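Participant: The structure under discussion is supplied below as structure tokens; questions concerning it will follow.
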Amino acid sequence: HFKGHTAKGCAVAFSPDGKRLASASGGWGEPGEIKLWDLETGNELDLGLQGTTGIVWALAFSPDGRLGASGSCARASDTGLCQMGEITLWDLDTRTAKDTFTTGASGDVELVQFGPGPEELSWVDDRGYHGTLALAAGRESLPPVRASSHNPIALSADGGLLAYASGDSVRIRDT
């Protein structure tokens, strides 16, 4: 049982070695908050990560556990609808934001996953758009593509396939 967030929890992710847990919280119009936890002791590691612009909906660790990624919204309308998705790349050794990317699509980023390549990060937003960021170049590898709208979405472990529910069936496509 981990306590310490000041708002409702929205995302969690285990580190690849299973020793840490990242958790995120936030509220509309408030900065998001990400905390790192030591799973053996239950203690919060350091002060967590600061610098997200809104509710953090997604978290992921890189395969080596040294980087983290969070998905959120960079800009919302007056009615609270996301107008531009945002992904923040975190250096987990220094607990600082390493880089921030906008997705080019108008939805909250609800899934982030490292891959398919070693220097890439895949993402999916709540409006069904998905894309891949080339981390070394700091840009999108491919323009966002719409897969579905407000349906359950998942990426394969290597990030090469996208599965989504559509009506009474499940569809799979290459990313």
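Every number in this text was worked out from the coordinates using simple rules, so none of it is lab data. Being a predicted model, the structure only gives us computed values, none of them experimental. Here the Cβ is made from the backbone with ideal geometry for all residues, glycine too, and neighbour counts use every protein chain on show.
Participant: Which ³J(HN,Hα) values in Hz, rounded to whole numbers, follow from the phi angles of region 126-132 under the Karplus curve 6.51 cos²θ - 1.76 cosθ + 1.60, where θ = phi - 60° and Gly and Pro get x?
Facilitator: Per-residue couplings from phi come out as 6, 9, x, 7, 9, x, 10 Hz.
Participant: Multiply the residue separation of ASP174 and GLU30 by 0.36 nm, subtract the distance between their alpha-carbon atoms, and state the gained length in nm to one decimal.
Facilitator: 48.3 nm
Participant: Sticking with this one: Put a dot 7 Å past each Cα toward the Cβ at GLU44 and ARG66; how far apart are the dots in nm?
Facilitator: According to this spin-label approximation, the distance is 2.7 nm.
Participant: Got a sec to turn the phi values of region 89-105 into Karplus ³J(HN,Hα) couplings, 6.51 cos²θ - 1.76 cosθ + 1.60 with θ = phi - 60°, whole Hz, x for Gly and Pro?
Facilitator: Computed from phi, the couplings for region 89-105 are 9, 10, 8, 6, 6, 9, 6, 10, 5, 8, 6, 10, 10, 9, 8, x, 10 Hz.
Participant: Simple spin-label model, 7 Å along Cα-to-Cβ: ALA163 to ASP17 in nm?
Facilitator: About 3.1 nm, to one decimal.
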